[in-house]
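So the structure is just underneath, and the comments pick up after that.
The values are calculated or read from the model by the stated rules, or taken from the named source; none is laboratory data. Everything quoted here is computed from the prediction, not taken from an experiment. Cβ placement follows ideal geometry from the backbone for every residue including glycine, while neighbour counts extend to all protein chains displayed. Each accessible area value is taken on the protein alone, full model and side chains, heavy atoms only, with ligands, DNA and RNA left out. Shrake-Rupley method; radii C 1.70, N 1.55, O 1.52, S 1.80 Å.
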Amino acid sequence: MAKDPIKVIVTGAAGQIGYALVPMIARGAMLGPDQPVIIHMLDIESAAGVLKGVKMELIDAAFPLLKGVVATADVVEACKGVDIAVMVGGFPRKEGMERKDVMSENISIYKAQASALEQYAAPDCKVLVVANPANTNALILKEFAPSIPEKNVTCLTRLDHNRALGQISERLNVHVSDVKNVIIWGNHSSTQYPDVNHATVNTGNALKPVRELVGDDHWLNADFITTVQQRGAAIIKARKRSSALSAASSACDHVRDWVLGTPKGTWVSMGVYSDGSYGIPPGIIYSFPVTCEKEEWSIVQGLNIDEFSREKMDATAKELVEEKSLAYSCLN
């Protein structure tokens, strides 16, 4: 029996990430190869021409799963009935701007979009915030969309998670699909903590700890961490633009695992509402290891945290508490 289409909104859809993301959704990378979709694309009025062109390309690609496309600058029209919201649009930091200025600009954007989601989206709409500062943008969105369950508001740290998998895969010369259970703790910023202490590699005969196979604690505790933390900046330096393809692919991974479930024995990293697990302050959006089942995420519990990890986890939590304080000062 044919499934009903799922409505997915992509904000900032005329941008680089949006352009990479919408065909992936239409092809089934986000919700599965048998799930029809209707894509709602939102961007600002000045990008209307570009948005129209993207819509034309989606139609021209003749995706079998694509049952409709809405391209609009009207936030109400864009949010009507959507089941999944991927919030890519945001105000980028420009030269000479203070963090508070960027925060203030994003608050005005997220306030309007959150209010529209609150009124017009499906009651159980799932939200993924991609635009930076992603964790705090997600927090602000929740502030202005109080009827959306807090478990339904998340931010993207899967890109960092996938970057960590890629670094281990390259270092050990193994396929990336054989590496699992890395963790990104904290903020999607340069304070995030990529943690391999619980990660394993499938060697064909057994699952072996990454730390044992790498055999170089100095690399794992220094270069590996900074490479993952600074990967976005390295890509901007190399391609003169921010990462779009990998961000779009990771957004699909995030939503797919959330909706369809994580494989048994595997966890992924998601920015979610802290409930106090691992001593992280409640009330911030913090990246934890999670498993997903029946469209619900759960924080993986009971992992041993060593002193080195504790320090890194607390440092990124401190930054998020400061960001929250800054954001709330912009509300007043």
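Here is how the numbers come out for the structure above:
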item: Residue within segment 110-119 that is under 24 Å from Pro23 (Cβ atoms) and assigned to a strand (DSSP E or B) present; result: no
item: Counted residues, segment 310-332 - those being without any contact (Cβ under 8 Å) to a residue 40 or more places away in the chain and either closer than 17 Å to Asp101 by Cα or among the hydrophobic types (A, V, I, L, M, F, W, C) (or both); result: 4
item: Only one of Glu143, Glu212 that is over 20 Å from Ala247 (Cα atoms), modelled with pLDDT under 95, open to solvent by 20 Å² or more (accessible area, probe 1.4 Å) and not in a loop (DSSP other than H, G, I, E, B); result: Glu143
item: Residue within segment 53-73 that is within 19 Å of Phe144 (Cβ to Cβ) and either modelled with pLDDT of 95 or more or open to solvent by less than 40 Å² (accessible area, probe 1.4 Å) (or both) present; result: no
item: Test: residue in segment 242-253 that is farther than 13 Å from Gln167 by Cα and open to solvent by 60 Å² or more (accessible area, probe 1.4 Å); result: yes
item: Residues located in segment 196-208, provided they are open to solvent by less than 60 Å² (accessible area, probe 1.4 Å) and within 12 Å of Asn181 (Cβ to Cβ); result: Val196, Asn197, His198, Ala199, Thr200, Val201
item: Filter result for Val127 (at pLDDT 95 or above, in contact with a strand residue (DSSP E or B) (Cβ under 9 Å, 6 or more places away or on another chain), in a strand (DSSP E or B) and among the β-branched types (Val, Ile, Thr)); result: yes
item: Unique residue being more than 17 Å from Ile183 (Cβ to Cβ) and touching a strand residue (DSSP E or B) at 6+ places or on another chain (Cβ under 7 Å) when the list is Gly261, Gly271, Gly283, Gly276; result: Gly261
item: Segment 262-277 residues that are within 13 Å of Leu156 (Cα to Cα) and polar (S, T, N, Q), paired with ones that are at pLDDT below 95 and part of a loop (DSSP other than H, G, I, E, B) (beta carbon under 9 Å, 6 or more apart); result: none
item: Scan of segment 112-149 for residues that are under 16 Å from Tyr273 (Cβ atoms) and of a type in the set (Val, Ile, Thr), ordered by number; result: Val127, Val129, Thr136, Ile140, Ile148
item: Boolean, Leu31 is open to solvent by less than 50 Å² (accessible area, probe 1.4 Å) and in contact (Cβ under 8 Å) with a residue 60 or more places away in the chain; result: yes
item: Residue within segment 197-209 that is out of contact with any Pro (no Cβ under 8 Å at 6 or more places or on another chain), under 23 Å from Val300 (Cβ atoms) and part of a helix (DSSP H, G or I) present; result: no
item: The lone exception for Ser177 - which of (1) open to solvent by 40 Å² or more (accessible area, probe 1.4 Å); (2) outside any helix (DSSP H, G or I); (3) hydroxyl-bearing (Ser, Thr, Tyr); (4) under 30 Å from Val214 (Cα atoms) it fails; result: (2)
item: Residues within segment 273-325 that are open to solvent by less than 10 Å² (accessible area, probe 1.4 Å) and β-branched (Val, Ile, Thr), tallied; result: 5
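Residues checked against (1) under 19 Å from Glu319 (Cβ atoms); (2) of a type in the set (D, E, K, R); (3) touching a residue at least 60 places away in the same chain (Cβ under 8 Å):
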site	(1), (2), (3)
Glu57	no, yes, no
Ala73	no, no, no
Cys79	no, no, yes
Asp83	no, yes, yes
Gly90	yes, no, yes
Ala116	no, no, no
Ile148	no, no, no
Leu159	yes, no, yes
